[in-house]
Amino acid sequence: MASNSGGDGGVMVKRILAALFYGVASFLITVVNKVVLTSYKFPSFLVLGVGQMTCIVIILFLANLFQIVSLHRLDRSLPKKIWPLPIFYLGNLVTGLGGTQKLSLPMFTVLRRFSILMTMVAEYWILGTIVSRKVQFCVFLMIFGALIAGSSDLAFDLRGYTLILLNDVFTAASGVCTKQKLDAKELGELGLVFYNSLFMILPAAFLALYTGDFQLVSFTPSHPMTYPI
């Protein structure tokens, strides 16, 4: 009995530490993106997204090459296994960065809570999953707080609000689709991130090229940065 309780305690500590690490990492990623897009006035969240996907592909490719991680081998069946997750991934990334650029961090965090409600509703309608009353109460309580905070936002930005709400939709869609597609789960989290980024780099780059965002961040020897810092 003592050994079982000790093992359960160790598992609980690991879960708590993992949750804390995830929370801190998520917060720092948001802060860094906010600093780059606002304090340093980087003009294009699309180009920033392309850069992040490029870094993800390079880092995970090298980690797999040196056997630090193990990625599923690319084959013809892989796109079918994960589709349409890459679309949701790109939408999630772009709208998240765009919302980060437009809104303050507190309001960004508040509006991101709607993704929990959307995920809960989508899981009920698509997967037939019903969460407990306690979870529903906690979610609705968070949404109520978000509505109160949003009603007193003096720096209302319609485009920013739209981007974050779209980000919530993409987040919910990605989560539900991942649970629904058993084949995608075989890739693991790192595999999904790697192949989502790999498949969406070119479409994102073409989009940035079409909108002229690449011209906003062009570099020349005589004028190394075309945006103010």
Does at least one position in the stretch 132-151 carry a residue that is closer than 17 Å to Leu163 by Cβ and surrounded by 15 or more Cβ atoms within 10 Å (Cβ to Cβ)? yes
Here are Thr100, Thr129, Thr109: which of them is at pLDDT 85 or above and open to solvent by less than 90 Å² (accessible area, probe 1.4 Å)? Thr100
Which residue is surrounded by the fewest Cβ atoms within 10 Å (Cβ to Cβ), if the candidates are limited to the stretch 192-216 and must be small (Gly, Ala, Ser) and modelled with pLDDT of 85 or more? Ala205
Within the bounds of the stretch 60-81, is there any residue that is charged (D, E, K, R) and in contact with a helix residue (DSSP H, G or I) (Cβ under 9 Å, 6 or more places away or on another chain)? yes
Only one of Thr162, Thr220 is open to solvent by less than 90 Å² (accessible area, probe 1.4 Å), out of contact with any Leu (no Cβ under 8 Å at 6 or more places or on another chain) and either aromatic (Phe, Trp, Tyr) or at pLDDT 85 or above (or both); which? Thr162
Do you know which residues across the stretch 73-95 are assigned to a loop (DSSP other than H, G, I, E, B) and farther than 18 Å from Ile201 by Cβ? Arg73, Asp75, Arg76, Ser77
Please count how many residues of the stretch 48-70 are in a loop (DSSP other than H, G, I, E, B) and loosely packed, with under 14 Cβ neighbours inside 10 Å. 4
If you check every pair at least six apart or on different chains, which have Cβ atoms under 8 Å apart with a residue in the stretch 187-200 that is in contact (Cβ under 8 Å) with a residue 24 or more places away in the chain first and a residue that is part of a helix (DSSP H, G or I) and charged (D, E, K, R) second? Leu187/Lys81
Kindly indicate which of Val24, Val13 is modelled with pLDDT of 85 or more and in a helix (DSSP H, G or I). Val24
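The values are calculated or read from the model by the stated rules, or taken from the named source; none is laboratory data. Bear in mind that the values here come from a model prediction, so they are computed numbers and not experimental data. So basically every Cβ, Gly included, is an ideal-geometry build from the backbone, and we count neighbours across all protein chains shown. In case anyone asks, the SASA skips ligands and DNA or RNA and just uses the protein heavy atoms, side chains included. Shrake-Rupley method; radii C 1.70, N 1.55, O 1.52, S 1.80 Å.
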